[in-house]
Amino acid sequence: MRVPIFSLSIILASVLLGVAVPKLVGQAGMRERMSHLGVSAGRIRVIGVLEAAAVAGLLLGLLWWPLGVAAAVGVALLLLGAVGFHLRARDPFPMVVVPLVFALAAAALAVLHVLDN
């Protein structure tokens, strides 16, 4: 079961890193998209920090599975929050389903970590 755990961890960490960096550096396009969702500038940075911490947790979770479980659960919750913001903004279906799919993948990762130990 190590291959699916490794693969999901790397995929999720890569995706989160890709969305965390623009939030952390204050990229204009990201600010515009988050403003559309009703997210303040201060909250954008907080979300970016949480996403960056999740990246570290997912990767370190490959070495210590309890951290991997905690990080995967945190990612799932964070992404479910994103789903809520997209629904509230009445975004098109693809904008809602993407974070939902990754939230489900994070939940699956948490389960895999537990089953593997």
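Val69 contributes an accessible area of around 30 Å² to the protein surface, as traced by a 1.4 Å probe with all chains present. Accessible surface for the chain, divided over its residues, is 55 Å² per residue with a 1.4 Å probe. Legend: helices of the chain (whole DSSP H runs) are marked when their alpha-carbon atoms reach 18 angstrom or more along the helix axis and their mean Kyte-Doolittle hydropathy is at least 0.5; marked are 2-25, 41-60, 65-88, 93-116.
Shown for the stretch 34-75 is the translational diffusion coefficient from the Stokes-Einstein equation, using the Kirkwood radius over Cα pairs, a temperature of 20 °C and a viscosity of 1.002 mPa s: 195 µm²/s. Per the 1.4 Å probe, what fraction of the accessible area of the chain, in percent, lies on carbon and sulfur atoms? Within the chain, the accessible surface is 75 percent carbon and sulfur. Simple spin-label estimate for Phe6 and Ala28 gives 4.3 nm between the two label positions (7 Å along the Cα-to-Cβ direction from each Cα).
Rolling a 1.4 Å probe across all protein chains gives Ser14 an accessible area of roughly 70 Å².
Using the Cα centre as the reference, give the magnitude of the dipole from point charges on the C-beta atoms of the chain (Lys, Arg: +1; Asp, Glu: -1; all else neutral), rounded to the nearest 20 debye.
Here the size comes out at about 300 debye.
Rg then Dmax, both in Å and based on the Cα atoms of the chain: 14.3, 43.
Computed from the C-beta positions of Asp116 and Val49, the FRET efficiency with R₀ = 25 Å rounds to 0.30.
The values are calculated or read from the model by the stated rules, or taken from the named source; none is laboratory data. These numbers come from a predicted model, not from an experiment. As a convention, Cβ positions derive from the backbone with ideal geometry for all residues, glycine included, and neighbour counts pool all protein chains shown. Quick note on the areas: whole protein, heavy atoms, side chains included, nothing else; ligands and nucleic acids left out. Shrake-Rupley method; radii C 1.70, N 1.55, O 1.52, S 1.80 Å.
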